[in-house]
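Beneath this line is the structure, given in structure tokens, with notes to follow.
The values are calculated or read from the model by the stated rules, or taken from the named source; none is laboratory data. The model shown is predicted, which means the values in this text are computed figures rather than measured ones. FYI the Cβ positions are ideal-geometry reconstructions off the backbone, even for glycines, and counts take in every protein chain you see.
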Amino acid sequence: MRGPDRNLIILFVAQVIAVSGTVLIVTIGGLVGAALASNPAFATLPLSIMVLGTAFATVLAAMLMRRIGRRLGFVAGAAIAAVAGFVSTYGLYLGSFAWFCAGVGLYGVNNAFVQQYRFAAAESVAPERASRAISTVLLGAIGGAFFGPLLATSGHDWVASHAYMGSMLAVGVLQIAACVMLLFLGEPYATAAASAAAPEERSLRRIVLQPTYLVAVLASVVGYGMMNLVMTATPLSMHAHDGHSLRDTAWVIQSHVLAMYVPSLFSGTLIARIGTIRVLVLGVAALLATLLIGLTGHDVMHYWWALVLLGIGWNFLFVGGTALLVDTYQPVERFKAQAVNEFSVFGVSAAASLLAGSLIHTWGWNTVLWSTAPLLIGLLAALIPFARHRAAQSPRGA
């Protein structure tokens, strides 16, 4: 098997494993927090700490891979995730909220490395295959959408005396398998090319002040910020506040994650047909629909439709933002340009996740939804002049 194809298969399977753990933690994190935390307002703290771990590790992950390469960087990330699974397991065994949060935070550190999978996929193939490579790796998350809730529900009783302990133990074991598998990853070809006769590297300031770069980052920030806020609050609102079953809650989260990644089958083609700006606008429209449907009721189907539209909106903003981003830097500049983008996205996501627990506990589900409106209005306010500027430069590109 050729190196590029082998890389895509390895990254695809690693994505399945990583997202399985993330979805499992999203499904049970608030419930474990509600059971172990001394204050109900801290119930979503484990999920917030996971996102904080990702935010703080984004720059470290990018810079580490710049020094030691993608392969060893990804192996290090998977090793951290394996430790995270076992630390969380130990926390559940002790009934310790602090130990559980520590393990989940370490899993967030690995997610900073996982976010680089899509860039490694693009670097592993010829430029004309880059979008397909990115989509292939992102589609691995569909497997995670199935296995994560399955591990949450079936693993609940694997250790009879400690709920979810078996689930977290499985996360650690799966990440050991990912660690071994990633050892066979070939170093992406772009790494060697970029280190050879590279063009002059621009300053970080020049890169990030480009209008296209700013809009690209803003689209991903808004998509991830709203997605994390609403998704983090959903299990608590559904299960703890509205009394829906854990199975229904897991189904809604599973459907949400599927809705996040299934559109990757066609979002790249949609961008080619109607343009990046229009896809971003469609993403904002889907998120506005999330807001409206979520405010109309608290039945399971209200949650289901809201979370499915949330996933679709996230996908359009994330894929569209990434499509804009990759055109704003040269190969030699990619690590620092990607690091700023990832830090911005997950910094806001961490803040949103931290807000979710206090908002849902103090003010309820409707306030969680209304709090996302400024994000959507701000993105639309940026997209309108940017679209006019792009249309003036190239009507076809608009």
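Would you mind finding the one in Ser167, Ser220, Ser154 that is without any contact (Cβ under 8 Å) to a residue 40 or more places away in the chain, assigned to a helix (DSSP H, G or I) and among the hydroxyl-bearing types (Ser, Thr, Tyr)?
Ser154
Has the stretch 68-81 got any residue that is closer than 23 Å to Ala163 by Cβ and not assigned by TED's automatic domain parsing to the domain that holds Val252?
Of the residues in the stretch 68-81, the ones closer than 23 Å to Ala163 by Cβ are 81.
Add one more test, that the residue is not assigned by TED's automatic domain parsing to the domain that holds Val252, and what stays is 81.
Yes, the conditions are met somewhere in the stretch 68-81.
Which count do you get for residues in the stretch 294-319 that are under 25 Å from Leu265 (Cα atoms) and either β-branched (Val, Ile, Thr) or touching a Cys at 6+ places or on another chain (Cβ under 7 Å) (or both)?
3
Yes or no, residue by residue, for (1) out of contact with any helix residue (DSSP H, G or I) (no Cβ under 7 Å at 6 or more places or on another chain); (2) more than 23 Å from Thr234 (Cα to Cα); (3) surrounded by fewer than 18 Cβ atoms within 10 Å (Cβ to Cβ):
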residue: Leu11; (1), (2), (3): no, yes, no
residue: Val16; (1), (2), (3): no, no, no
residue: Ala35; (1), (2), (3): yes, no, yes
residue: Phe42; (1), (2), (3): no, no, no
residue: Val51; (1), (2), (3): no, no, no
residue: Met65; (1), (2), (3): no, yes, no
residue: Thr89; (1), (2), (3): no, yes, no
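Search the stretch 1-53 for residues being among the hydrophobic types (A, V, I, L, M, F, W, C) and not in a helix (DSSP H, G or I), and hand back the single one that is nearest to Leu151 (Cα to Cα).
Step one: list which residues in the stretch 1-53 are among the hydrophobic types (A, V, I, L, M, F, W, C), which gives 1, 8-14, 16-19, 23-26, 28, 31-32, 34-37, 41-43, 45, 47, 49-52.
Filter once more, so that each one left must be not in a helix (DSSP H, G or I): 1, 37, 43.
Details: Met1: 32, Ala37: 23, Ala43: 21 Å.
If we take residues in the stretch 1-53 being among the hydrophobic types (A, V, I, L, M, F, W, C) and not in a helix (DSSP H, G or I), then Ala43 is nearest to Leu151 (Cα to Cα).
Could you please give the count of residues in the stretch 110-143 that are over 15 Å from Thr322 (Cβ atoms) and within 12 Å of the chain's Cα centre (by Cα)?
4
Ala190 fails exactly one of the following numbered conditions: (1) modelled with pLDDT under 80; (2) over 20 Å from Phe12 (Cβ atoms); (3) part of a helix (DSSP H, G or I). What is the number of that condition?
Single failed check for Ala190: (2).
Run down Ala381, Ala398, Ala352 and say which single residue is modelled with pLDDT under 80 and either farther than 22 Å from Thr136 by Cβ or among the hydrophobic types (A, V, I, L, M, F, W, C) (or both).
Working: Ala381 fails: modelled with pLDDT under 80; Ala352 fails: modelled with pLDDT under 80.
Exactly one residue qualifies, and that residue is Ala398.
Please go through the stretch 269-301 and pick out each residue that is more than 29 Å from Thr153 (Cβ to Cβ), over 18 Å from the mean Cα position of the chain (by Cα) and of a type in the set (Gly, Ala, Ser).
Selection gives Ala272, Gly275, Ala285.
Please state which one of Leu292, Leu288, Leu280 is buried (at least 18 other Cβ atoms within 10 Å of the Cβ) and either closer than 28 Å to Val208 by Cα or at pLDDT 90 or above (or both). Write out each step before concluding.
Numbers: Leu292 fails: buried (at least 18 other Cβ atoms within 10 Å of the Cβ); Leu288 fails: buried (at least 18 other Cβ atoms within 10 Å of the Cβ).
The conditions single out Leu280.
Listed here are the residues, each with its yes/no results for (1) in the same structural domain as Trp251 (by TED's automatic domain parsing); (2) aliphatic (A, V, I, L, M); (3) surrounded by 23 or more Cβ atoms within 10 Å (Cβ to Cβ).
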| position | (1), (2), (3) |
| --- | --- |
| Tyr107 | no, no, yes |
| Val114 | no, yes, yes |
| Ile134 | no, yes, yes |
| Leu139 | no, yes, no |
| Ile142 | no, yes, no |
| Phe146 | no, no, no |
| Leu150 | no, yes, no |
| Trp158 | no, no, no |
| Met165 | no, yes, no |
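Test of understanding: among Pro40, Pro4, which residue is under 19 Å from Ser353 (Cα atoms) and at pLDDT below 90? Talk me through it step by step, then tell me what you get.
Working: Pro4 fails: under 19 Å from Ser353 (Cα atoms).
On inspection, the qualifying residue turns out to be Pro40.
Name the single residue, out of those in the stretch 314-330 being modelled with pLDDT under 90 and aromatic (Phe, Trp, Tyr), that is nearest to Met226 (Cα to Cα).
Phe318
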